[in-house]
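One structure is given below, encoded as structure tokens.
The values are calculated or read from the model by the stated rules, or taken from the named source; none is laboratory data. Predicted model, so just to flag it, every value in this text is computed and none were measured. A quick note on method: Cβ atoms are made from the backbone with ideal geometry, for glycine too, and the neighbour counts reach across all protein chains shown.
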Amino acid sequence: MKALTWHGKHDIRCESVPDPQIEEGRDAIIKVTACAICGSDLHLYNGIMPDMHSGDIMGHETMGEVVEVGKDNKKLKVGDRVVVPFTISCGECFFCKRGFFSGCERSNPDPSKAKKLWGGSPAGLFGYTHLLGGYSGGQAEYLRVPYADVGPIKVPEGLTDEQVLFLSDIFPTGYMAADFCNIQPGDTIAIWGCGPVGQMAIKSAFILGAERVIAIDTVPERLALAERSGAITLDYMDKDIYDRIMELTNGRGADACIDAVGTESDPSASWDARLDRIKVATFMGTDRPHVLRQAIHCCRNFGTVSIVGVYGGFLDKIPMGSAINRGLTFKMAQTPVQHYLPILMDRIQNGEIDPSFIITHTGSLEDGPDLYKTFLEKKDGCIKVVLKP
Ligand SMILES: NC(=O)c1ccc[n+]([C@@H]2O[C@H](COP(=O)([O-])OP(=O)(O)OC[C@H]3O[C@@H](n4cnc5c(N)ncnc54)[C@H](O)[C@@H]3O)[C@@H](O)[C@H]2O)c1
Ligand SMILES: [Zn+2]
Ligand SMILES: [Zn+2]
């Protein structure tokens, strides 16, 4: 089959690779009808996540048609149309039973490296390093889905691939980001990053009752899309974000702040962002947490900082003094996608949201390498890429 494979920094290739096979009784094989490129894939593309191997198949936002099921899989049958969560979860362990699917303690076959780095291992993920299981991803013609009787959700009649594909990751992630904020009537939610995740967080914050959303980025078409969703937008290159948020909230700060940027925050945003870049480049630091610092400062006393942008290691100069003295709550996670799927499928079905609004580019797997570049460089108005194998 054809698949997009990783070969180092900025080197994604569309290659022929062996077809996946059923390996365990609960597996299924999916013929991929649509898959997407995620902001998290850019961390791999930029070579900043450890333990990718040459030839690894990329992709963790995938849907398609079931073409084969293992002998113990009682849930799926050939012909089912499903969306596959990016988190691989057994459904039976301590964490899965509590709904913390992205903490599954069985799906990473070699948790030792993650334990060394983080003290414990989260779930295995599709196409996301050997630290997190070394599973082949879904930017391919076919995908092997382990524990396929837990993860995939069947798609009801009448919904297009474009409407449901983002249930695999960015819609639940944006929704979780807003859900973490415990939104009350009258609340103002500030969201850093108007990429695909930020856009989903904006819509979700309004669905969950926010009165105002302040959305921060610098890319004009991303700010424009945020505005179309009803957000007040701020360009971090021409305004002091802290001052503007204080002005908008009578000097108090936002009720909750969402970091939908993570470790690759723009180094030109401020002096501390530039310093982060230098530290990472000279191996004096692991991450660039400028946005997290700013989100903490802009949050009101006893507010919530919700972190869904991904960080990898040990973050420098986080203003914990501000957080502790002002009683902030921190919430963060790789999304336990399965936990949110049923609610969000309902919200799509009853017309509350059509997540396809963020798609700007569609192509074939062969177009994949070029579209990675377009997405990274935010060229040609690119906000979200969907590939149709
Ligand atoms: N927690 C999860 O489960 C999960 C799931 C999916 C994605 N993610 C993470 O979410 C983050 C966003 O993903 P995406 O797909 O939207 O990626 P993206 O790269 O398309 O979007 C990031 C946006 O942040 C903006 N940005 C950069 N610096 C900024 C700053 N200083 N202030 C405000 N905005 C700034 C960029 O212009 C860009 O529009 C990534 O870190 C990704 O890894 C997490
Ligand atoms: Zn993702
Ligand atoms: Zn589990």
Among all residue pairs at least 6 apart or on different chains, which show Cβ distances below 9 Å where the first residue, located in the range 106-127, is under 16 Å from R144 (Cα atoms) and free of Cβ contacts under 8 Å to residues at least 60 places away in the same chain and the second is more than 16 Å from ligand 2 (Cβ to nearest atom) and polar (S, T, N, Q)?
N108/S121; G124/S107; G124/N108
Residue satisfying condition, being touching a Gly at 6+ places or on another chain (Cβ under 8 Å) and either part of a helix (DSSP H, G or I) or crowded, with 18+ Cβ neighbours inside 10 Å (or both), within set R288, R300:
R300
Within the range 189-215, which residues are within 13 Å of ligand 1 (Cβ to nearest atom) and among the acidic types (D, E)?
none
Quick check on this structure: which one of L131, L117 is within 16 Å of ligand 2 (Cβ to nearest atom) and over 20 Å from S168 (Cα atoms)?
L131
Looking at I324, is it assigned to a loop (DSSP other than H, G, I, E, B) and without any contact (Cβ under 8 Å) to a residue 60 or more places away in the chain?
no
Answer with yes or no whether G186 is within 16 Å of ligand 1 (Cβ to nearest atom), on the phi > 0 side of the Ramachandran plot, at pLDDT 95 or above and not assigned by TED's automatic domain parsing to the domain that holds S364.
no
Pick from D235, D169: which is buried (at least 24 other Cβ atoms within 10 Å of the Cβ) and near ligand 1 (Cβ under 10 Å from one of its atoms)?
D169
Among the residues of the range 79-95, which ones are aliphatic (A, V, I, L, M) and more than 16 Å from ligand 1 (Cβ to nearest atom)?
V82
Over the range 105-136, the set of residues within 14 Å of ligand 1 (Cβ to nearest atom) and part of a loop (DSSP other than H, G, I, E, B) is P122, A123, G127, Y128, T129, L132
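Yes/no per residue for (1) within 24 Å of the chain's Cα centre (by Cα); (2) polar (S, T, N, Q); (3) within 23 Å of I358 (Cβ to Cβ):
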| position | (1), (2), (3) |
| --- | --- |
| K239 | no, no, no |
| E247 | no, no, no |
| D266 | yes, no, yes |
| F283 | no, no, no |
| A295 | yes, no, yes |
| C298 | yes, no, no |
| K317 | no, no, no |
| S322 | no, yes, no |
Selected residue [out of contact with any helix residue (DSSP H, G or I) (no Cβ under 8 Å at 6 or more places or on another chain), at pLDDT 95 or above and among the small types (G, A, S)] from G321, G363, G381, G309
G321
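Residue check: is G368 in the same structural domain as L143 (by TED's automatic domain parsing), closer than 25 Å to I383 by Cα and loosely packed, with under 15 Cβ neighbours inside 10 Å?
no
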